[in-house]
Every structure is written in C-alpha cells, then in structure tokens.
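Novice: The structure is given below, and queries will be raised subsequently.
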Amino acid sequence: MTAFPEHGTSWADLSQEFDTATGADADWRAGRVPLYVFHANDTVSEIGRNAYNRFFSENALGARRAFGSLKRMEEEVVAMALDLFNAPDGAAGHMTSGGSESIFLAVKAAREHHRARHGGRTALNMVLPASGHPAFDKAAQVMDIEVRRVPLGSDLRADVEAMARVVDGQTVLILGSAPCFPHGIFDPLAALSALAASTGTWLHVDACVGGYLTPFARAIGRPVPEFDLALPGVASLSADLHKYGFTPKPASTVFFRRIEDMERNAFAFDDWPNGNYLTRTMTGTRPGGAIAGAWAVLRHLGRSGYEQVARDLFAMVDGYAAGIRAIPGLALHAEPELAILNWGWEEGDIFAVAERMAERGWVPGLTQRPKGMHAMLSMLHAPARERYLADLASAVEAARGSASAGISASY
Ligand SMILES: *Cc1c(COP(=O)(O)O)cnc(C)c1O
C-alpha cells in the first residue's frame with residue numbers, strides 16, 4: 001500500500017520513476033498497441049501538444065466570463081465541424097471530453113425531446129444494433145432507459161427491418177454507427193434515416209471513430225457512404241476529435257440538427273450562494289488545452305492536410321489488409337471501410353493466435369462475436385507493418401492445433 005508521502009520528491013527523481021515505470025508498458029510508439037492511441041505525423045502531434053500546453057491552466061468552464069479566446073476557439077471548432085458534416089441551418093453543437101460524454105448528451109437530448117412531445121415519464125427504450133458502443137448502455141443505465149440490442153445482419157451491419165420491428169412509441173433513440181468499432185463498417189444509415197423519418201424517431205449517428213476521417217476518405221475517392229447531417233433523419237451526431245481528428249485528449253464533439261434540442265441539455269441552477277451556475281456538458285471544469293489543441297490541429301491540417309493524412313493512412317491499411325489476406329486460413333470478417341480491421345481464422349482458434357502475438361510483444365485486439373482479431377490503425381502502425389505480418393504468419397503456424405489458454409476479448 002502506498003502511503004501519502006511525508007516529504008516531497010524532485011522532478012528529476014519523478015522523471016526517473018516515469019522512465020522506469022513506462023519501461024514495462026506496451027510499446028505504443030512502435031505500433032504494438034492496436035487501439036487507444038492515434039497518430040497522424042510528428043508535426044501534428046507537436047502542434048497539438050504545444051497548443052495544449054499554451055492553454056494548460058485555462059479552464060473552459062470560465063470561457064464565457066474570463067477566457068474569451070477559448071470561447072471563440074470552441075465556437076470555431078464547432079463551426080468548422082458543422083461545415084464538414086453538412087449541417088443545415090439551425091444546427092448546433094459543442095465540444096465534450098470524449099465519445100462517451102457526447103453520446104450521453106445525445107441520449108439525454110433525445111429523452112427530453114421525447115418527453116416534450118409525448119409527455120409523461122413512462123418506461124422509455126432505445127434501439128441499438130448489437131455492434132453499438134457500450135457508452136449507450138452506460139447512458140441508458142444512468143437515465144433509466146431500456147436498451148434493445150438487435151442482432152446484426154449476416155453482413156455484420158445493423159438489420160434495419162429487425163430494428164423497425166422493436167421500435168415503438170416509447171423509443172427515444174435509434175442508433176447507426178459510422179462505422180461501428182467492432183467490425184469497422186458502416187450501418188445502413190440512409191435506411192435508418194428513412195426509418196427515423198417514417199416513425200418520427202430520433203436517429204443518432206455514432207461517428208465517434210469515423211467522423212473526422214470519413215469526409216476526407218470520400219474526398220480522396222474511397223467508397224464511403226453518406227453518414228452525416230445531410231441525411232434528413234439524423235437528429236444528432238457524435239464525432240471524436242481525439243481519434244482520427246488527431247487532436248489531444250480529451251476532445252470530442254456532438255451535434256444536433258435543431259439547436260433547441262441541444263438547449264434541452266443546458267443545466268442552469270440558481271439556488272446556490274454563488275448564484276447562477278450554467279453548463280451544457282456533463283463536466284464542470286474543462287481543460288482549455290483540449291480546445292486549443294483541437295483548434296490548432298484542425299487549422300494546421302485543413303481539408304488538404306487531412307486528405308494527405310488519409311492517403312498515407314489508407315495506403316498503410318490496404319497493406320495490412322493484403323498482408324492478412326495473404327496468410328493462409330485468415331479471412332477478414334468484413335471489407336474494411338475505414339481503418340479498422342477485423343479478421344478470423346478458418347482453420348483454428350484465432351484467440352490462440354492472439355496469445356502467440358502477445359508472446360511476441362503485440363497487444364492483441366480481439367472480438368468475441370464473431371471470434372476475431374482486431375486492429376484500429378493509425379500512422380504509428382506504419383513502420384511496424386512487415387514485422388507485424390511476419391509475426392502474425394508465424395503465430396498462426398504456432399497456434400495450429402492448439403486451443404487458447406483463456407485469453408478473452410476486452411476493449
Ligand atoms: C471510441 C468510441 C466511442 C466512445 O468514445 P470515448 O472517447 O472512448 O468515450 C463511442 N463510439 C464509438 C464507435 C467509438 O469508437
């Protein structure tokens with residue numbers, strides 16, 4: 001047990017301790033971690049870090065009263081993103097601490113919207129494809145909403161007809177992912193938009209992982225479907241800056257087709273010695289650095305910069321996909337539509353392969369249904385590709401005939 005320290009420790013000693021402690025961490029800089037960290041190029045990282053540090057102390061909770069610079073930067077980040085996501089007039093959004101908070105706020109707005117239209121506090125539900133992110137269940141737990149998870153179609157996309165069968169008058173939200181995290185593919189969002197329109201139900205598009213990559217993938221000619229506020233049934237959309245926006249953590253965005261839906265999330269409290277307290281997000285104190293970092297990276301890259309990153313990224317993704325396909329017995333569960341790969345092994349236990357990869361120093365990404373390995377790639381993974389694929393081929397041979405010792409899929 002670590003006791004509260006009696007005396008202080010110098011930075012020199014603390015820094016040494018960091019070096020020692022991180023020595024045992026997975027080597028993410030060398031591309032050995034298939035999720036959690038993102039990278040475009042060194043310049044982007046440096047600009048994000050410098051901008052973050054420049055606003056290290058400022059608190060965005062005070063942006064309205066004390067830090068007009070942060071207020072303006074946040075408004076500009078939101079405005080740039082509304083443009084990117086084809087928002088109609090009257091749409092609005094704000095920055096949050098991450099996808100989970102963006103999703104929480106979308107679910108809350110959807111619930112308030114439903115209550116405003118239908119009144120009452122009867123049992124509410126939301127309808128998700130089975131691949132929807134657990135943040136929806138977390139939000140539902142807090143807000144006492146029943147979650148109806150609907151099995152995917154055989155193509156691992158949302159089964160819109162099956163979802164339609166369980167949507168009812170108490171459904172506050174239906175979900176489509178752009179793309180889903182497990183399989184890296186887009187749900188049929190145009191069909192979900194039509195379902196939302198015909199039933200008068202709120203459609204949320206979870207573009208947390210894909211939001212800041214998909215428009216640039218399309219711009220360079222990759223086949224990606226429509227996913228954003230151009231689809232008329234989309235009421236809200238979440239997109240994480242700290243994933244393929246390549247901005248410092250914690251930073252996400254959430255958007256609403258109608259500003260009045262966003263306003264339903266405003267929390268104002270006056271009965272307090274300090275007077276009025278108003279927030280639009282879950283959090284109170286918010287790091288100014290995350291806003292400055294996002295603003296700086298979006299401005300540094302611009303459309304042309306993100307398109308160049310996308311070209312580099314997809315050249316690498318295609319290389320990984322081809323390398324995996326070239327290993328006898330391995331097969332992708334779905335054609336990758338962005339930068340997430342998910343594959344299985346027809347001739348044995350893929351989890352046994354994952355264990356052999358762990359022995360070779362790679363943190364394995366896994367899916368449990370269907371059983372597979374999983375990788376969300378960014379430019380950290382570029383230099384590691386040949387080594388990874390060679391180790392994967394040898395791991396497959398080593399795993400032949402053996403069952404896994406007990407590794408389980410875990411985010
Ligand atoms: C990452 C992710 C989230 C949650 O985002 P956090 O920033 O981890 O809270 C939600 N949905 C999808 C599809 C994601 O990939």
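Novice: Kindly establish whether residue 164 is away from the ligand (no atom under 15 Å from the Cβ) and either more than 24 Å from residue 119 (Cα to Cα) or in contact (Cβ under 8 Å) with a residue 60 or more places away in the chain (or both).
Specialist: no
Novice: Please give the number of the condition residue 152 fails out of (1) open to solvent by 20 Å² or more (accessible area, probe 1.4 Å); (2) out of contact with any Cys (no Cβ under 9 Å at 6 or more places or on another chain); (3) more than 14 Å from the ligand (Cβ to nearest atom); (4) assigned to a loop (DSSP other than H, G, I, E, B).
Specialist: With (1) open to solvent by 20 Å² or more (accessible area, probe 1.4 Å); (2) out of contact with any Cys (no Cβ under 9 Å at 6 or more places or on another chain); (3) more than 14 Å from the ligand (Cβ to nearest atom); (4) assigned to a loop (DSSP other than H, G, I, E, B) applied to residue 152, the lone miss is (2).
Novice: Shifting gears a bit: Filter the range 97-108 down to residues that are open to solvent by 10 Å² or more (accessible area, probe 1.4 Å) and not in a helix (DSSP H, G or I), then give me how many there are.
Specialist: 1
Novice: In the range 371-411, which residues are within 26 Å of the chain's Cα centre (by Cα) and without any contact (Cβ under 8 Å) to a residue 40 or more places away in the chain?
Specialist: Those that are within 26 Å of the chain's Cα centre (by Cα) and without any contact (Cβ under 8 Å) to a residue 40 or more places away in the chain: 371, 372, 373.
Novice: Consider residue 251 carefully, then state whether it is closer than 28 Å to residue 366 by Cβ and more than 18 Å from the chain's Cα centre (by Cα).
Specialist: no
Novice: Looking at the range 312-322, can you tell me whether even one residue there is free of Cβ contacts under 8 Å to residues at least 24 places away in the same chain, under 16 Å from residue 213 (Cα atoms) and either in a helix (DSSP H, G or I) or within 16 Å of the ligand (Cβ to nearest atom) (or both)?
Specialist: yes
Novice: Check off (1) surrounded by 18 or more Cβ atoms within 10 Å (Cβ to Cβ); (2) more than 14 Å from the chain's Cα centre (by Cα); (3) free of Cβ contacts under 8 Å to residues at least 40 places away in the same chain; (4) within 13 Å of the ligand (Cβ to nearest atom) for residue 188 and give me the number that stays unchecked.
Specialist: Answer for residue 188: the failing condition is (4).
Novice: Given the structure, is residue 169 part of a loop (DSSP other than H, G, I, E, B), touching a residue at least 40 places away in the same chain (Cβ under 8 Å) and closer than 21 Å to residue 117 by Cα?
Specialist: Criteria met by residue 169.
Novice: Continuing with the same structure: Kindly indicate which of 36, 52 is among the aromatic types (Phe, Trp, Tyr), within 16 Å of the ligand (Cβ to nearest atom) and open to solvent by 40 Å² or more (accessible area, probe 1.4 Å).
Specialist: 36
Novice: Only one residue in 121, 115, 111 is assigned to a helix (DSSP H, G or I), away from the ligand (no atom under 16 Å from the Cβ) and in contact with a helix residue (DSSP H, G or I) (Cβ under 9 Å, 6 or more places away or on another chain), so which one is that?
Specialist: 111
Novice: For residue 94, which of the numbered conditions (1) buried (at least 17 other Cβ atoms within 10 Å of the Cβ); (2) of a type outside the set (A, V, I, L, M, F, W, C); (3) away from the ligand (no atom under 16 Å from the Cβ); (4) farther than 30 Å from residue 368 by Cβ fails to hold?
Specialist: (3)
Novice: Residue 147 is checked against (1) more than 16 Å from the ligand (Cβ to nearest atom); (2) hydrophobic (A, V, I, L, M, F, W, C); (3) not in a loop (DSSP other than H, G, I, E, B) and fails just one. What number does that condition carry?
Specialist: Against the list (1) more than 16 Å from the ligand (Cβ to nearest atom); (2) hydrophobic (A, V, I, L, M, F, W, C); (3) not in a loop (DSSP other than H, G, I, E, B), residue 147 comes up short only on (1).
Novice: Among all residue pairs at least 6 apart or on different chains, which show Cβ distances below 9 Å where the first residue, located in the range 273-302, is without any contact (Cβ under 8 Å) to a residue 60 or more places away in the chain and the second is assigned to a helix (DSSP H, G or I) and surrounded by fewer than 16 Cβ atoms within 10 Å (Cβ to Cβ)?
Specialist: 299/76
Novice: Out of 87, 158, 135, report the one residue that is open to solvent by less than 50 Å² (accessible area, probe 1.4 Å), within 23 Å of the chain's Cα centre (by Cα) and away from the ligand (no atom under 16 Å from the Cβ).
Specialist: 87
The values are calculated or read from the model by the stated rules, or taken from the named source; none is laboratory data. Note that the structure is a prediction, hence the values are computed from the model and not measured. Neighbour counts run over all protein chains shown; Cβ positions are idealised from the backbone, glycine included. In case anyone asks, the SASA skips ligands and DNA or RNA and just uses the protein heavy atoms, side chains included. Shrake-Rupley method; radii C 1.70, N 1.55, O 1.52, S 1.80 Å.
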